Amino acid sequence: MPDKLKVGIVGCGAIANIRHIPAFLKLKNQVTLQAVCDKNEELATNTARKYGVPGVYSELSQMLAKEKLDIVDICTPPQIHAPLTLEALAGGCHVVLEKPMALKTTDCDQMIAAAQKHNVKLCIVHNQLFYPPVIKARKLVAKGAIGDFIGMRIFMSDPRDEMIMRKDYWVHKLPGGIIGETGPHPVYKSLAFIGRVKNVDVQASRLLEHPWAPFDLFRIDLEGEKGFSSIVISYTSSRRASTIELLGTEGALNIDLLSMLLIRQGKNQSMKPLSLATSALGNAARIAGGVMGNGLSVLTGRGEFYGHNIIISQFVDSVRSNHQPPITAEEGRETVRVIEMIVEKLKTLGGANT
């Protein structure tokens, strides 16, 4: 094992520049950012110049041939995850790639087999599992802090002026359309609590006028081995929101992923005015304290709010120490399997690409 692992980035868009590359740069004692690759040569050149990366390529095959890379990080749209991953694995590189792992479970199976064949690691970036309140919530549920786990509710709202209103955005060409890009996040968060999904039910509607996206409001119900998950995803609001409610026999956990807050609720309190007021004041104090603490962490640079730093650091450690990556390819495949189930339901509603 070399002193520093050589890393190549494939795809130089926003997610690479904002999340992945900075995460690797934080590991400068363990890795060297050796090369970047993008079909858009100008984008690749600008990214390389910005971060002082020596190698610039427009084709993965060129990068693999000329650079002795240990890790390839794939940050492209998911339509090309599978072929790029297979090429990198065949080149003997460990691979970390953005969600979703691929568009089909059959592609995932090929990727898993290739990683095993070439004895390299494959990790999927399910970054929101590494948000601090989600990490804490998983520990609390595991130790029975809210009693027996019953199920969960997830709400996500993406501003309508981002993906949904852009006719030429690549997300609209995914199976299921825009849900194929955003959907993996609530799915993998659900799987972390409810286990393997047995049944899926989907409702969808369109509130805005955009013929390239048949639906902009989704209700997805997942029945898992350990409980249920009810997911609502909206692309019609003017603001962003992302919350999780975890329900148990002895209480609940409420998570706000934008403010990175977790509030633990006990059993139903008395409906008497004094009891309700006391509970409300307590929650308000916890929210205010959490927001202030998180704000200070952001200002001082001590906070970890997006999960990429943690998952990439743990992936590098798994390569160096030869242990299981933080998110396995099998976990990535399970998320893709559930997305496929959702897409099949959307087809019956007349709103899924084939």
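Can you find a residue in segment 30-37 that is out of contact with any strand residue (DSSP E or B) (no Cβ under 7 Å at 6 or more places or on another chain) and modelled with pLDDT of 95 or more?
No; the residues of segment 30-37 include none that is out of contact with any strand residue (DSSP E or B) (no Cβ under 7 Å at 6 or more places or on another chain) and modelled with pLDDT of 95 or more.
Hey, can you tell me all the residues within segment 323-336 that are buried (at least 18 other Cβ atoms within 10 Å of the Cβ) and in a helix (DSSP H, G or I)?
Across segment 323-336, the qualifying residues are 329, 331, 332, 333, 334, 335, 336.
Please go through segment 7-36 and give me each residue that is of a type in the set (S, T, N, Q) and within 14 Å of residue 48 (Cα to Cα), ordered by number.
Once the filter is applied, which keeps residues that are of a type in the set (S, T, N, Q) and within 14 Å of residue 48 (Cα to Cα), segment 7-36 yields 17, 32, 34.
So in segment 342-354, with the set limited to residues that are part of a helix (DSSP H, G or I) and surrounded by fewer than 17 Cβ atoms within 10 Å (Cβ to Cβ), which one is nearest to the chain's Cα centre (by Cα)?
So the residue we want is 344.
Pull up segment 168-217, narrow it to residues that are of a type in the set (D, E, K, R) and in contact with a strand residue (DSSP E or B) (Cβ under 9 Å, 6 or more places away or on another chain), then point me to the one that is nearest to residue 254 (Cα to Cα).
The residue in question is 189.
Testing residue 282 on (1) at pLDDT 95 or above; (2) assigned by TED's automatic domain parsing to the domain that holds residue 183; (3) not hydrophobic (A, V, I, L, M, F, W, C), one condition comes back false. Which one is that?
(1)
I'd like the full set of residues that are modelled with pLDDT under 95, buried (at least 23 other Cβ atoms within 10 Å of the Cβ) and part of a helix (DSSP H, G or I), limited to segment 138-189.
Listed by number, the residues that qualify are 179, 180.
Of a type outside the set (Gly, Ala, Ser), out of contact with any helix residue (DSSP H, G or I) (no Cβ under 8 Å at 6 or more places or on another chain) and buried (at least 20 other Cβ atoms within 10 Å of the Cβ): does that describe residue 100?
no
Filter segment 232-258 down to residues that are among the β-branched types (Val, Ile, Thr) and farther than 17 Å from residue 352 by Cβ and give me whichever is surrounded by the fewest Cβ atoms within 10 Å (Cβ to Cβ).
Restricting to residues being among the β-branched types (Val, Ile, Thr) and farther than 17 Å from residue 352 by Cβ, the top hit is 249.
The values are calculated or read from the model by the stated rules, or taken from the named source; none is laboratory data. The structure presented is a predicted model; accordingly, all values stated were derived computationally and were not measured. Don't worry about glycine lacking a Cβ; one is built from the backbone with ideal geometry, like all the others, and counts go over all protein chains shown.
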